Amino acid sequence: MRIIFTSTGEGWDAKIDPRFGRTDYIVLYDEEKDELTALDNRAIMQVAHGAGPKTAQKIHELKADVLITGNGPGGNAASILKQMPLKIFVRAGGMSVREAYDAYKNNALEPGV
Amino acid sequence: MKEIVIISGKGGTGKSSICAAIAYLAKAELVVADCDVDAADLHLILHPENSKVQDFYSGVLAEIDPGKCSACGLCYQKCRFDAIEPFEGTYRVIDLECEGCGYCYYICPEDAISLIDQNVGKFLISDTRYGCSLVHAHLKIGADNSGKLVAKVKSEAKAIAKVQDKPYILADGSPGIGCPVIASLAGADYVILVTESSKSGLSDLKRVQELVAKFQIPSACIVNKADINPSVTNDIHKYLNKSKVQHLGDIPYADDFHKAIAMGRSLIEENEARWLPIFTEYWQTIKENI
């Protein structure tokens with residue numbers, strides 16, 4: 001599974017960014033390779049409108065199977081994400097990436113719409 | 001640190017008055033972020049001072065370098081906003097018409113066109129007479145509020161709350177359900193919906209709650225001017241119940257709202273005996289449910 005976290009930093013200890021479109025980092029954990037990589041998304045600060053769809057495009061390019069975030073994507077982003085074979089989990093804001101991953105493994109995360 | 005956002009859907013429901021009353025009551029515990037940048041009003045009550053001011057840039061306008069322009073006229077023909085005109089043998093951009101789409105910049109064979117970042121207003125971090133910090137912005141005429149600006153206001157408020165060790169951010173959001181409202185909801189922990197007892201109040205409440213539900217953020221509602229149309233108020237109560245929005249309370253129509261604004265103070269300062277118990281109860285409920 002390729003699992004994506006919206007995150008405020010780069011590693012396992014970084015906190016989940018509750019925002020989807022304007023998340024600071026997109027952290028990807030590839031379970032098969034046991035590899036954690038981070039994509040700096042902070043350039044999104046310069047985007048006046050349409051941050052959600054832009055971040056959704058990046059999720060698509062990363063070919064993720066699972067997305068773990070905080071508030072959940074807004075309407076426009078959700079309509080793009082729905083086109084992908086992607087499971088979304090929300091309400092992970094405030095957890096670290098590791099805590100969110102553990103919660104996901106224990107089926108303790110709330111599914112997103 | 002928890003982020004509370006106050007929004008209304010409809011304008012004129014009393015949202016900012018309610019926000020100011022909560023800010024007054026909980027001043028020791030929070031940083032205030034005025035995200036209603038198009039019609040920022042909180043400064044009228046909070047009286048910001050010692051502001052740290054930064055220029056805010058958003059969007060671009062095209063600019064043609066006459067030294068590089070070969071006067072081919074391609075940009076002039078292709079601009080769908082008719083924002084380019086012949087001028088002294090070459091072409092120039094009419095700033096008021098330019099939408100900053102960048103089409104001319106991409107097609108110009110001479111690379112004579114650049115896109116210039118626009119200074120659309122000021123971004124301020126201020127002290128207030130309540131002692132809490134206020135993050136706000138002043139836009140120039142014609143400039144739009146945007147998700148970018150709201151995200152900036154909120155991220156500065158967060159940084160300040162961290163430094164000052166304040167447990168809450170109170171964000172006054174804008175009316176509607178557009179990009180700035182979405183940006184004000186992004187990352188929020190709790191939403192307070194302020195509506196009024198009118199058909200449009202209910203209709204706009206539904207639209208904005210639909211958006212809040214997409215973000216799966218818990219919300220609560222205050223029905224202002226609840227006595228002016230009891231049957232609509234009843235419909236609002238039914239809607240809140242059905243949509244699992246907590247009902248914080250009803251406020252009857254009160255002259256104190258406009259009197260307080262006219263005097264530049266919060267409802268509680270205007271009439272403490274009446275409003276302090278009400279807002280103390282609201283704030284308690286909010287803190288218990290966040």
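The values are calculated or read from the model by the stated rules, or taken from the named source; none is laboratory data. Being a predicted model, the structure only gives us computed values, none of them experimental. Cβ atoms come from the backbone with ideal geometry, glycine included; neighbour counts cover every protein chain shown. Calculation scope for accessible area: heavy atoms of the full protein, side chains included, ligands and nucleic acids excluded. Shrake-Rupley method; radii C 1.70, N 1.55, O 1.52, S 1.80 Å.
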Let me know the shape class of region B:158-277, please: from the alpha-carbon gyration tensor, a ≥ b ≥ c as square roots of the eigenvalues, rounded when a/c is under 1.5, otherwise prolate if a/b is greater than b/c, or oblate.
oblate
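Let me have the relative contact order for chain B, percent, based on Cα pairs under 8 Å that are six or more residues apart.
That works out to 28 percent.
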Carbon plus sulfur fraction of accessible area for region B:164-290, probe 1.4 Å, in percent
51 percent
Max mean-square fluctuation residue, GNM over chain B, Cα-Cα springs under 10 Å, options B:Val53, B:Val245, B:Val120:
B:Val53
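Express as a percent, rounded to the nearest 5, the fraction of DSSP beta bridges in chain B (both residues included) that run antiparallel.
Within chain B, antiparallel bridges account for around 45 percent of the total.
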So the FRET efficiency between A:Ala108 and A:Gln83, C-beta based with R0 = 30 Å and rounded to 0.05, is 0.65
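Compute the length gained on full extension between B:Ile141 and B:Glu210: take 0.36 nm times their separation in residues and subtract their Cα-Cα distance, giving the result in nm to one decimal.
Difference between extended and current length: 21.7 nm.
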Within region B:53-122, which trypsin sites (Lys or Arg not before Pro) sit in a loop by DSSP and count at most 16 neighbouring Cβ atoms inside 10 Å?
B:Lys68, B:Arg80
Excluding residues fewer than 8 places away in the same chain, name every one of the lysines whose C-alpha is closer than 23 Å to that of A:Lys82.
A:Lys54, A:Lys58, A:Lys63, A:Lys105, B:Lys214
Given axes a ≥ b ≥ c from the Cα gyration tensor, I'd like to know whether the protein assembly as shown is rounded (a/c under 1.5), prolate (a/b larger than b/c) or oblate.
oblate
Quick one: if you stick a label point 7 Å off each Cα along the C-beta vector at B:His47 and A:Gln57, how many nm between them?
4.9 nm
With a bin width of 10 angstrom, please list the P(r) values of region B:58-118 as percents of all Cα-Cα pairs, from the 0 bin to the one holding the largest distance.
26, 62, 12, 0
Which whole number gives the average count of other chain Cβ atoms within 10 Å of the Cβ atoms across peptide B:186-192?
5
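Among the DSSP beta bridges whose two residues both lie in region A:2-111, what percent are antiparallel, rounded to the nearest 5?
Taking every DSSP beta bridge with both residues in region A:2-111, the antiparallel ones total about 75 percent.
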Under-5 Å amide H pairs with A:Gly74, H placed in peptide plane, nonlocal only:
A:Gly21
Quick one: 3J(HN,Hα) in Hz for region B:3-11, Karplus 6.51/-1.76/1.60 with θ = phi - 60°, rounded, Gly and Pro as x.
10, 10, 10, 9, 9, 9, x, 7, x
What pairs from B:Lys2/B:Lys259; B:Lys52/B:Lys287; B:Lys199/B:Lys287; B:Lys15/B:Lys225; B:Lys122/B:Lys148; B:Lys10/B:Lys206 go past 20 Å between their alpha carbons?
B:Lys2/B:Lys259; B:Lys52/B:Lys287; B:Lys199/B:Lys287
Hey, can you list the residues from region B:134-152 whose accessible area shrinks by 40 Å² or more with all protein chains present, relative to the chain by itself (probe 1.4 Å, no ligands or nucleic acids)?
B:Lys148
Please find the FRET efficiency linking B:Ala39 to B:Lys199, where r is the Cβ-Cβ separation and R0 is fixed at 25 Å, and quote it to the nearest 0.05.
0.65
Shape verdict for region A:2-111, please, from the Cα gyration tensor: rounded (a/c under 1.5), prolate (a/b greater than b/c) or oblate.
rounded
Per-residue [θ]222 nm for chain B (sum of -39500 (n - 2.57) over DSSP H runs n ≥ 4, rounded to 500)
-11000 deg cm²/dmol
Give the relative contact order (percent, whole number) for region B:58-118; include only Cα pairs under 8 Å separated by 6+ residues.
50 percent
In region A:66-89, whose amide N lies under 19 Å from the spot 7 Å out along Cα-to-Cβ of A:Glu99? List them in ranges.
A:68-72, A:89
Region B:161-223 and region A:24-57: distance between their alpha carbon centers, rounded to Å
25 Å
Among A:Pro85, A:Pro53, A:Pro73, which one shows the biggest mean-square fluctuation in a GNM of chain A, springs joining Cα atoms closer than 10 Å?
A:Pro85
Can you compute the modelled spin-label distance between B:Ala273 and B:Asn119, with each label point 7 Å from Cα toward Cβ, in nm?
5.2 nm
Would you mind telling me which residue in B:Val60, B:Val212, B:Val150 has the biggest mean-square fluctuation in a Gaussian network model of chain B, where springs connect alpha carbons within a distance under 10 angstrom?
B:Val60
